[in-house]
Structure formats: structure tokens, C-alpha cells
Amino acid sequence: MTEFWLISAPGEKTCQQTWDKMMAATTRTNNLSTNHKFNIPDLKVGTLDVLVGLSDELAKLDSFVESVVKKVAQYMADVLEDSRDKVQENLLANGVDLVTYITRFQWDMAKYPIKQSLKNISEIISKQLTQIDNDLKTRASAYNNLKGNLQNLERKNAGSLLTRSLADIVKKEDFVLDSEYLITLLVVVPKLEFDEPVSLQQYKQCLPVLSSSLLFQDNDSGLFSVTLFRKAIDDFKHKARENKFIVRDFQYNEEEMKADKEEMTRLCTDKKKQFGPLVRWLKVNFSEAFIAWIHIKALRVFVESVLRYGLPVNFQAMLLQPNKKTMKKLREVLNDLYKHLDSSAAAIIDSAMDIPGLNLSQQEYYPYVYYKIDCNLLEFKV
């Protein structure tokens, strides 16, 4: 399970007692979850009005930061293409995997000084993530354009002989060039036709051809060079259509073909040059974004706990990793443990538990402070 429940409850005589009670209820007899203390430092409380306003702002900031984290993670998967199995090992926070970072969370005093007000800390995170989001758009746009141009060229050099580029197939010596009377055309002939000697013989007899040569073949067709008199072009094309042969609209142009090859080489080189720095940028900024996200969760727990449980600040933040099969039971146990904190919320949850098909989402209200953290950030399973 990559899902975590970040909760808080008011301190009993000590916060350790709050922790012990929760541990006893969820692990000692029924193993409903794996639990960790979640350490939040002594942050500046400020006024009640500021806390109420900040609660709403942090909810919006939480959604925004989560979206940036997911965008960076997903783009990492897109960039790594054939190495998607390696994506997860590149999605680290502070050099460790995400589960380790969350379960051993320590507030980053250097990035987010606790002497600053809560509003200032949230603004630092907001500016930081807005910058990452903007940089990602710029870098992704440049790399996607490069990749798209390269894919277009690659598509031109692959696929059916009816449409693909012929630059890597034909050579100068395949053509009669600069002749007043003769011309070389390229003709695509279905494989079934030239695999049969009789059909091929008929083809040569019925068309006004001086010479022809098979240049290339794939599973479906063959490419022939056909040399004939210029005055016979229209007759040739008419008879080719009757025989279901396709005359390619192609003129041999050495400079143009050379330019296409050079463009392909340039795009491949540019993509390789950008790939390494882009992956490094994604790794660094995924880490920064994820760390910021967990700090937002910590801020939300702190603000909500003060608003609910009052002053002086006295609560225990706890990180629960539920076992998938016992999530409903864990929710019931937590409700029983903390329903005295808010009887109206507990009553709503009790009644909701009995309604089949009703899922209590992250937005639902519980008698304890609760936020979900889901580390499954990608649309595919790595």
C-alpha cells in the first residue's frame, strides 16, 4: 500500500500517551496499520483569524502542489520511454524512496524557517512550486517539439513503400539523370505480383519499359526503378494503374536527401544532449516538489489541530499506513477511539458506515484531523 493517513489527536497528559493509545488500538491485537510518529516542530501560531483564512489557502495550495508533483512524475515516465521500469528509482525525495521520506519526516529548517509566520512559509512553498510548474512547461514544450520532429522524420523513413521516404533506399546510379529523352520512375508493385514470374513477365510486356530493376522489398510490396522514354510517361502511368502498380511522385535530389539525413542526425544528437540534463532536472525538482508537498501536509495538520483542539498547542501527529484489507475496520477503530472529540462528526460517520457503497473521501469530516497522502503518483504501475 502506498496510501498513508496523516492524523492528529490532542495530547492526553502527554503526547506519548496519545501515541500509545492509538498504537494499542490499531496494532497490538489486530495489526490494522503500520504507524509512525510524524514530527512537526513548534511553529508560530499567529491569530485565530489568520489560522482560519490559512486553512482554506492551504487546502488550495495542497491541491496545486500535488498536481505539480504528479506532473513532474508523469513527465519523468514519458521522458524515460523505454526505461519505464526505472522511473520509480528516479522518483526520490532527499535521496531516499518516498515511503522512507514520509515515515522518517523531519522538517527542513533551512528551506522553511520556523521563525517565519505560517503564512510566509506557505507563500515560500507557493512561489517555489509555481516556479517549478512554469519551468516544467517550458522544458517539456522544448523537448516535446524536438521529439515530435524526430518522430515525424522517423515515420517518414518507415512504413509502407507507398508513403515512406526513399532517401535511404535509392542511389544516384539507380536513375537516368539529365537526359532529354529518357526518365527513371519509381514504381511500387504488390508483392503477390512480382513473386509470380508470369505476372512479372506480363508487367514488363504490357508497359513501355526499356529497363527495370528491383531496388527494395518489404512484406507487402517491392520498389522498382523503371527507365522509359519521356514521351511514354502518360501511357506507362495509365497501364500501371490498370495493373494496380503505383508510380511514386519522386524526383532524385541529392541535396534534398542529404539535408533530410543531416536533419535526422541533428535531431537525434539534440535529443541525446537534452535527455541527460532534463532527467537530472526532473529528479531534482520532483524531490523539491514532493518535499514541499509533505511540508504542506504538516502545515495543514498543525493549523487544523490548533483550530480544533485549541491552545496551548498540544497534539500528536501520527502517520498510519493502512493494510488494504482492513481499511474499513481501521476507520471504525479510529472513530471509536476519537468520537469523544466531536460527537456530531462521530454520529455522521457511524450512520455512513451502514450505507453500502458510500465511500468516505478525503474531504469528509472526521472527529480527528485527517489528511490522505497517496504515493502512487503515476498513471501506470511501474
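The values are calculated or read from the model by the stated rules, or taken from the named source; none is laboratory data. Computed from a predicted structure; not experimentally measured. Glycine also receives a Cβ, built like all others from the backbone with ideal geometry; neighbour counts cover every protein chain displayed. In case anyone asks, the SASA skips ligands and DNA or RNA and just uses the protein heavy atoms, side chains included. Shrake-Rupley method; radii C 1.70, N 1.55, O 1.52, S 1.80 Å.
In this structure, is residue 267 open to solvent by less than 50 Å² (accessible area, probe 1.4 Å), in contact with a helix residue (DSSP H, G or I) (Cβ under 8 Å, 6 or more places away or on another chain) and over 30 Å from residue 102 (Cβ atoms)?
Numbers: open to solvent by less than 50 Å² (accessible area, probe 1.4 Å): yes; in contact with a helix residue (DSSP H, G or I) (Cβ under 8 Å, 6 or more places away or on another chain): yes; over 30 Å from residue 102 (Cβ atoms): yes.
Criteria met by residue 267.
Which residue is farthest from residue 274 (Cα to Cα), if the candidates are limited to segment 108-134 and must be open to solvent by 50 Å² or more (accessible area, probe 1.4 Å) and part of a helix (DSSP H, G or I)? It comes out as 119. Whenever a residue of segment 162-187 is at pLDDT 90 or above, its partners that are in a helix (DSSP H, G or I) and open to solvent by less than 90 Å² (accessible area, probe 1.4 Å), lying with C-beta atoms within less than 8 angstrom and at least six residues away or across chains, give the pairs 183/233; 184/174; 185/233; 185/236; 187/240.
Residue 303: touching a residue at least 24 places away in the same chain (Cβ under 8 Å) and either crowded, with 20+ Cβ neighbours inside 10 Å or under 30 Å from residue 123 (Cβ atoms) (or both), yes or no?
It is true that residue 303 is touching a residue at least 24 places away in the same chain (Cβ under 8 Å) and either crowded, with 20+ Cβ neighbours inside 10 Å or under 30 Å from residue 123 (Cβ atoms) (or both).
Looking only at segment 86-107, filter to residues that are among the β-branched types (Val, Ile, Thr) and touching a strand residue (DSSP E or B) at 6+ places or on another chain (Cβ under 9 Å); which one of those is least open to solvent (accessible area, probe 1.4 Å)? Lay out the reasoning, then the answer.
As a first pass, look at segment 86-107 and keep what is among the β-branched types (Val, Ile, Thr): 87, 96, 99-100, 102-103.
Add one more test, that the residue is touching a strand residue (DSSP E or B) at 6+ places or on another chain (Cβ under 9 Å), and what stays is 99-100, 102-103.
Working: 99: 50, 100: 32, 102: 1, 103: 25 Å².
If we take residues in segment 86-107 being among the β-branched types (Val, Ile, Thr) and touching a strand residue (DSSP E or B) at 6+ places or on another chain (Cβ under 9 Å), then 102 is least open to solvent (accessible area, probe 1.4 Å).
Report yes if some residue within segment 240-248 is of a type in the set (Gly, Ala, Ser), touching a residue at least 40 places away in the same chain (Cβ under 8 Å), surrounded by 13 or more Cβ atoms within 10 Å (Cβ to Cβ) and assigned to a helix (DSSP H, G or I); otherwise report no. Checked against the condition, which is being of a type in the set (Gly, Ala, Ser), touching a residue at least 40 places away in the same chain (Cβ under 8 Å), surrounded by 13 or more Cβ atoms within 10 Å (Cβ to Cβ) and assigned to a helix (DSSP H, G or I), segment 240-248 yields at least one hit.
From the residues in segment 251-281 that are in a helix (DSSP H, G or I) and among the hydroxyl-bearing types (Ser, Thr, Tyr), which one is nearest to the chain's Cα centre (by Cα)? Write out each step before concluding.
Step one: list which residues in segment 251-281 are in a helix (DSSP H, G or I), which gives 254-281.
In the following step, the residues that additionally are among the hydroxyl-bearing types (Ser, Thr, Tyr) were identified as 265, 269.
Values: 265: 27, 269: 24 Å.
Within segment 251-281, the match that is nearest to the chain's Cα centre (by Cα) is 269.
Taken over segment 51-85, the criterion of being more than 21 Å from the chain's Cα centre (by Cα) and open to solvent by 70 Å² or more (accessible area, probe 1.4 Å) is satisfied by 52, 56, 57, 60.
I'd like to verify a number: residues in segment 272-297 that are of a type in the set (Lys, Arg) and either open to solvent by less than 20 Å² (accessible area, probe 1.4 Å) or at pLDDT below 90 (or both), how many? Working first, answer last.
Filtering segment 272-297 down to residues of a type in the set (Lys, Arg) leaves 272-273, 280, 283, 297.
Narrowing further to those that are either open to solvent by less than 20 Å² (accessible area, probe 1.4 Å) or at pLDDT below 90 (or both): 297.
Total satisfying the criteria: 1.
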